[in-house]
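Here, each number is a calculation from the coordinates, and none is a lab measurement. As the structure is a prediction and not an experimental result, all values here were calculated from the model. Every residue, glycine among them, receives a Cβ derived from its backbone with ideal geometry; neighbour counts consider all protein chains shown.
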Amino acid sequence: MDLATLPMPSADASGALPEPALFLPRKPGILALDLGTTTGWALRFDTGRITSGVETFKPRRFEGGGMRYVRFVDWLVEIATHAHGIGRLVFEEVRRHAGTDAAHVYGGFLATLTSWCEEHEIPYEGVPVGTIKRFATGRGNADKAAIIAAMRARGFAPADDNEADALALLLWATDPQGGRA
């Protein structure tokens, strides 16, 4: 609709005209996460463009133990805003951890993530580590270097294994042949 054809509000109107849309409405993106203190992430926009990175949620000096999760939620909101919403979220489902602290931290991130998704009605899915590795490298027990090499072979430049895992997970989630597109 042409904005010039809209009638001007009368002097006693209760509201102003809405601002014109600067862009067409877009479909929400797909977000893949490798949860942890150092969280790898990959985001696919509706245009097919993929961006990825690593976000660190280490406890800061003078912070309480729950602040990392508060910052995690703030970061999720920022990502969702940047993506014009999240239409689907996949995360690496870890069943075995190197230590007790890692298990507790992962559990905190998982609880925070799933409750945030429920609150915002975002469908989410955990994908086993072996499934992601098998999809990316052909071997379910591939090491970190193999995942990084596989993502580099596909044209990405992951900063570390966390980002590489998130990219592999995103590719699995959006691949019509192997994942769940």
Given unit charges at Cβ for Lys, Arg (+) and Asp, Glu (-), the dipole magnitude of the range 119-181 about its Cα centre in debye, nearest 20, is 440 debye
The answer for GluC sites (Glu not before Pro) in the range 117-181 that fall in a DSSP coil and have at most 15 neighbouring Cβ atoms within 10 Å is GLU121
Once the in-chain neighbours fewer than 8 apart are removed, the lysines whose Cα is under 25 Å from LYS58 read LYS144
Cα-Cα pairs in the range 86-136 separated by more than 17 Å, as a whole percent of all pairs, come to 42 percent
Note, the range 71-79: 3J(HN,Hα) by Karplus (6.51, -1.76, 1.60, θ = phi - 60°), whole Hz, Gly/Pro = x, goes 5, 4, 5, 4, 5, 4, 4, 4, 5
Ordered by number, the trypsin sites (Lys or Arg not before Pro) in the range 32-124 that occupy a DSSP loop and have at most 14 other Cβ atoms within 10 Å are ARG49, ARG60, ARG61, ARG95, ARG96
Non-local residues with an amide H under 5 Å from the amide H of THR38, with H modelled 1.01 Å from N and Pro and chain starts lacking one, are PHE57
Quick calc, the range 32-181, dipole around Cα centre from Cβ unit charges on Lys, Arg (+) and Asp, Glu (-), nearest 20 debye, gives 440 debye
Excluding residues fewer than 8 positions from LYS133 in its own chain, the aspartates and glutamates with Cα under 18 Å of it are ASP34, GLU92, GLU93, GLU125, ASP143, ASP160, ASP161, GLU163, ASP165, ASP175
Rounded to a whole number, the Stokes-Einstein D of the range 37-170 in µm²/s (Kirkwood radius over Cα pairs; 20 °C; 1.002 mPa s) is 137 µm²/s
Farthest towards the positive end of the dipole of the range 50-181, among VAL94, ILE50, LEU113 and with Cβ unit charges of +1 on Lys and Arg and -1 on Asp and Glu, lies the Cα of VAL94
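Check each of the trypsin sites (Lys or Arg not before Pro) in the range 142-181 and keep only those in coil by DSSP with at most 14 other C-beta atoms within 10 angstrom; list them in order.
The qualifying sites are ARG154, ARG180.
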Binned at 5 Å from zero, the C-alpha pair distances of the range 20-101 give percents of 3, 12, 21, 21, 17, 12, 7, 4, 2, 1, 0
Spelling it out for ARG88: with amide H atoms placed in the peptide plane at 1.01 Å from N, the residues 5 or more places away or on another chain with amide H under 5 Å from its amide H are LEU31
